[in-house]
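Everything on this sheet refers to the single structure shown next.
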Amino acid sequence: MSITITASYRTWMELTKPNSILSKFTFNNSNLSNRVIQFPTIIREAGDITGETVVFDIENASQLFNSLNTNREQLLKTGIFEYGYTSGNGSEDLIQMFGGELTRVELNEGRGKMIFENKLTKLKRRRVGSGAVPIDYTNSLHNPADLAWYICTSHGGLSGVQSTSNSDIDYTTWSAWRTALSDDAIGIQAYFEGNDLVETLELLQRLTDSVIWSQGDNKIYFSRWTGASSYNVTITDSHIVGKIGYELNTDSILNKVTVQLSYNTQQNTWAGQVVYQNSDSVGSYGIFEAVYNDTSVWYCTSATAMNLAQRLCYRRGNANAEITFDTPLRFLDISFGDYMDFTTQVYSLSGKKLNLKKYSIDTDAGIMTIVADEGFDRGAGRLSGFILDDTYYGLLDQTYNPLF
């Protein structure tokens with residue numbers, strides 16, 4: 001769980017029909033909530049680093065927003081969307097759903113639209129190094145979390161404060177991610193010649209079997225798939241509104257992985273490779289293969305490369321179920337890296353472990369749509385329990401399956 005809410009917020013959120021609901025829109029430090037015709041639906045997906053563009057439908061019969069034409073310096077000013085509850089004494093208990101910069105305005109006489117981009121969208125305009133001045137991380141091995149930190153702070157312009165007061169990076173999840181990678185002795189090298197910054201972070205996700213994403217607070221969060229369970233949400237038919245979608249898709253299968261080792265930037269050659277395959281899966285489905293051979297970030301030892309290959313072939317050796325359902329707004333604190341105990345009579349599932357993959361929040365309708373899978377797809381996941389003879393999860397130790 002990476003979203004912190006108060007005890008009172010949880011109480012209001014979990015009520016069948018909460019009162020005193022408050023949707024709040026602030027633009028350039030002015031509360032314009034009463035000018036909003038429709039609040040935006042917030043959509044987030046595992047691995048989406050810069051977040052979504054959102055649109056506020058506004059009234060302009062008052063001609064209030066004509067000032068956006070006369071004073072165009074209001075463009076790129078900050079808009080914030082908060083949602084929560086008010087108490088009897090009028091105090092507000094809110095969480096930030098979105099924060100972004102005004103990038104476009106559309107006025108149509110008495111109505112209009114204000115379009116905002118997530119503040120982290122600026123990372124899309126940043127690059128790491130250049131052809132003339134490459135950034136060289138080949139003199140030693142680097143923890144991928146440290147490399148991500150360098151990229152976000154030194155090249156992306158995000159805060160470099162190494163504490164929970166960091167305004168751009170969630171230091172708690174970053175620290176836990178770094179520790180998880182350190183425990184597996186994951187070290188990489190890199191060489192950047194003007195690489196797209198966001199694409200580089202996406203590459204680090206894939207190379208470390210992790211997920212990197214943004215929240216409504218405009219911070220970047222990190223998580224790696226491990227055998228230890230984390231925050232747990234229980235969802236049953238009593239929490240679900242409408243029909244439940246169930247889908248099986250072979251696109252998620254991956255049962256053979258090749259990881260290239262130690263790229264030589266001067267000779268454009270690789271020193272070697274490791275290959276691993278899930279024999280049971282190959283026997284059932286045939287070969288579904290991936291090759292990791294990016295020449296900007298790479299592994300240098302066979303042990304760490306095999307760590308990645310075995311993880312992927314285990315997690316994605318079978319077709320995994322994807323389940324979609326609607327709930328009231330009672331799970332607003334769920335986040336990527338959390339998992340659900342899912343029970344439904346519709347598909348005869350009891351305590352099924354699901355991992356959050358995507359969600360949307362429609363505060364006007366009071367509906368949250370959740371897309372989840374069995375925890376073995378491309379994003380992060382969680383697994384509880386002991387798996388006999390498995391390379392990782394058949395071990396009883398403090399890294400993979402702690403006894404307590």
inquiry  = Suppose each label sits 7 Å from its Cα in the direction of the beta carbon; what would the residue 59-residue 162 distance come out to in nanometres?
reply    = 5.3
request  = For the stretch 206-287, just say rounded, prolate or oblate: build the C-alpha gyration tensor, square-root its eigenvalues into a ≥ b ≥ c, call rounded for a/c under 1.5, and beyond that prolate if a/b exceeds b/c, oblate if not.
outcome  = oblate
Cβ-based net charge around residue 84, under 14 Å, with every Lys or Arg adding one and every Asp or Glu removing one = -3
message = From the protein chains alone at 1.4 Å, what is the descending order of accessible area for 10, 104, 126, 44, largest first?
response = 104, 126, 10, 44
note = The ³J(HN,Hα) series, computed from each phi in the stretch 170-175 with the Karplus coefficients 6.51, -1.76 and 1.60 at θ = phi - 60°, rounded to the nearest Hz and given as x for glycine or proline, is 6, 5, 5, 6, 4, 5
task = Would you look at the GNM of the chain, springs on alpha carbons closer than 10 Å, and say which of 265, 295, 324 moves the most?
result = 265
ask   = GNM on the chain, C-alpha springs below 10 Å: top fluctuator among 74, 38, 345?
value = 345
query = What is the local net charge at residue 158, summed over the other residues whose Cβ is closer than 14 Å to its Cβ (Lys, Arg +1; Asp, Glu -1)?
reply = +3
request  = Tally up the carbon and sulfur contribution to the accessible surface of the stretch 83-201 as a whole percent, 1.4 Å probe, everything protein left in place.
outcome  = 42
message = Using helices alone, I'd like the mean residue ellipticity at 222 nm for the chain: each DSSP H run of four-plus residues gives -39500 (n - 2.57), total over residue count, nearest 500.
response = -4500 deg cm²/dmol
remark   = Residue by residue through the stretch 314-329, the couplings from Karplus 6.51 cos²θ - 1.76 cosθ + 1.60 with θ = phi - 60°, in Hz, x for Gly and Pro, are 6, 5, 10, x, 10, 5, 10, 6, 10, 10, 10, 7, 9, 9, x, 7
request  = Go through the stretch 120-217 and name the chymotrypsin sites (Phe, Trp or Tyr not before Pro) that are in a DSSP coil and have 11 or fewer other Cβ atoms within 10 Å of their Cβ.
outcome  = none
task = Show 357, 113 ordered by accessible area, largest first, where the area counts protein heavy atoms only and the probe is 1.4 Å.
result = 113, 357
key: Surrounding net charge for residue 114, when Lys and Arg each add one and Asp and Glu each subtract one, Cβ distance under 9 Å   = 0
ask   = Ignoring any ligand, DNA or RNA, what whole percent of the accessible area of the stretch 278-378 comes from carbon and sulfur when the probe is 1.4 angstrom?
value = 45
key: Cα gyration tensor shape for the stretch 287-360, rounded if a/c is under 1.5, else prolate or oblate   = prolate
query = Does the stretch 1-89 come out rounded, prolate or oblate, given a ≥ b ≥ c as the square roots of the eigenvalues of its C-alpha gyration tensor, rounded meaning a/c under 1.5 and, failing that, prolate meaning a/b above b/c?
reply = oblate
ask   = Can you give the Rg and Dmax of the stretch 68-167 based on its C-alpha atoms, in angstrom?
value = 19.9, 62
ask   = Per q in 0.08, 0.09, 0.14 1/Å, what log10 I(q)/I(0) does a Debye calculation on the alpha-carbon atoms of the chain return?
value = -0.49, -0.62, -1.32
query = What accessible area per residue, rounded to a whole number of Å², is obtained for the chain using a probe radius of 1.4 Å?
reply = 46
inquiry  = Going by average Cβ density within 10 Å per residue, which order do the peptides 129-135, 82-88 take, highest to lowest?
reply    = 82-88, 129-135
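The values are calculated or read from the model by the stated rules, or taken from the named source; none is laboratory data. Keep in mind the model is a prediction, meaning the values are calculated, not measured. Positions of Cβ are backbone-derived with ideal geometry, glycine not excepted, and every protein chain shown enters the neighbour counts. For the accessible areas, the whole protein counts, side chains as well, though only heavy atoms, and no ligand, DNA or RNA atoms are used. Shrake-Rupley method; radii C 1.70, N 1.55, O 1.52, S 1.80 Å.
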